[in-house]
Amino acid sequence: MLRLHEYAYHRPSTLAQAAAFLREHEDAMPIAGGTDLMPNMKHRLFTPRHLVALKGVRELHGIWMADAEGRPVATGSPDATQLVIGACTTLSEVARSPMVQAAMPSLAQAAGQVAGPQIRNQGTLGGNLCLDTRCTYYNQSFFWRQALGFCLKKDGDVCHVTRTGKKCVAAHSADTVPALITLGAQVDLVSADETRTVGVDPFFVADGQWNMVRRRDELVARVRIPLPGASVRTGYTKVRQRNSIDFPLLSIAAAVEFEADETVRRVSLVVSALGSRPRVVTGLDKLAAGQRLDAVAEAVAQQAFKQCHPLENIIVDPDWRRAMVPVYVRRALLGLAPARALAA
């Protein structure tokens, strides 16, 4: 049986209290839903002496429309320019929100495909954003890892995927992040000293040991997402071993902006679950601008194939995973193509 180590559990009622506690105690970690942190603690991947519970902080909950200055406004208000989601809003709430479903269906789809319903009812958007990277050689019991000699990410000095000790390549596996990147979302990070805003794309770095710019004394307070125009269509799809619960073997988010004649103005495509940060596929506007989406879907899929190189950080064969990249990119794009274009 896997048991937890001893720790103190703290329940601040305000964001300021939580941030102050994290600054005061270097061996403290925040916890919201705990769906990833608690199993990792049982595996001795994290052994904090203090846990700072965030679900009792009211200012971290909710979904609302806001104006350009961040002030809440009524749904449908002409002043609304962004959707704001509190970090402790559950994934189920995000998936079911009429505002999210109407404005950015890819985010609702991504949140609704995380694990199973029990996890989505407990897990939060902020927790998914800060999900720890995963690897075949890392997400194991202490006994298993000790028998192997540990790994670069935890207690060892060699990456068993690359066979060197230079950089950890554990996989980024958060479902909502690719969708947030294609939507141009930003994150508000709060510490005891300051509040700063970082784009979701630059929030991540290519280092599996700690793949985000969030400092350990900072908390994700909220996510801000610019409202897409009526000409933007978004979608999300993923590949996993069991559709009911597993982490993605591959995840794909797309956002396509159309001209009035239903040709492509702009394409944003993100593929994840490959390495330590999501992969933003580049060079797409040159391929697709001014063209019908169904006519360029294959070219975009091949561009993704060229740029995406899965590693042996997940148990499924990396060559098969790479072969699935163009298949699922093509499906995702054709699912966004206007019906008249497909019928032509």
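Below, the figures for the structure above:
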{"quantity": "Some residue of segment 25-41 being out of contact with any Phe, Trp or Tyr (no Cβ under 6 Å at 6 or more places or on another chain), farther than 30 Å from Cys151 by Cβ and of a type in the set (S, T, N, Q)", "calculated": "no"}
{"quantity": "Some residue of segment 279-297 being basic (Lys, Arg), in a helix (DSSP H, G or I) and at pLDDT below 95", "calculated": "yes"}
{"quantity": "Failed item in (1) outside the structural domain of Ala18 (by TED's automatic domain parsing); (2) touching a Leu at 6+ places or on another chain (Cβ under 6 Å); (3) surrounded by fewer than 20 Cβ atoms within 10 Å (Cβ to Cβ), with Ser77 passing the rest", "calculated": "(2)"}
{"quantity": "Single residue of Leu22, Leu37, Leu4 found to be outside the structural domain of Gln118 (by TED's automatic domain parsing), hydrophobic (A, V, I, L, M, F, W, C) and within 21 Å of the chain's Cα centre (by Cα)", "calculated": "Leu37"}
{"quantity": "Residues within segment 10-34 that are in contact with a His (Cβ under 8 Å, 6 or more places away or on another chain) and not acidic (Asp, Glu), tallied", "calculated": "5"}
{"quantity": "Meets criteria (touching a His at 6+ places or on another chain (Cβ under 7 Å) and either more than 30 Å from Arg292 (Cβ to Cβ) or hydroxyl-bearing (Ser, Thr, Tyr) (or both)) for Asn211", "calculated": "yes"}
{"quantity": "Listing of strands (runs of 3 or more DSSP E) fully contained in segment 1-62 that carry 2 or more residues being of a type in the set (A, V, I, L, M)", "calculated": "28-31, 50-53"}
{"quantity": "Test: residue in segment 172-182 that is over 29 Å from Cys88 (Cβ atoms) and not acidic (Asp, Glu)", "calculated": "no"}
{"quantity": "Extreme residue, farthest from Ile315 (Cα to Cα), among residues of segment 202-213 that are surrounded by fewer than 19 Cβ atoms within 10 Å (Cβ to Cβ) and touching a residue at least 12 places away in the same chain (Cβ under 8 Å)", "calculated": "Val213"}
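Matching residues to (1) surrounded by fewer than 24 Cβ atoms within 10 Å (Cβ to Cβ); (2) in a loop (DSSP other than H, G, I, E, B); (3) in the same structural domain as Ala206 (by TED's automatic domain parsing):
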residue: Asp157; (1), (2), (3): yes, yes, no
residue: His160; (1), (2), (3): yes, yes, no
residue: Arg163; (1), (2), (3): yes, yes, no
residue: Lys167; (1), (2), (3): yes, yes, no
residue: Val177; (1), (2), (3): no, no, yes
residue: Leu189; (1), (2), (3): yes, no, yes
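For every residue, the table says whether it meets (1) touching a His at 6+ places or on another chain (Cβ under 9 Å); (2) under 22 Å from Arg215 (Cα atoms); (3) at pLDDT below 95.
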site	(1), (2), (3)
Asp36	no, yes, no
Leu45	no, yes, no
Val57	no, yes, no
Ala68	no, no, yes
Ala87	yes, yes, no
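The values are calculated or read from the model by the stated rules, or taken from the named source; none is laboratory data. What you see is a predicted model, and the numbers here were worked out from it, not measured in a lab. All Cβ positions, even for glycine, are placed from backbone atoms using ideal geometry, and neighbour counts span all protein chains on display.
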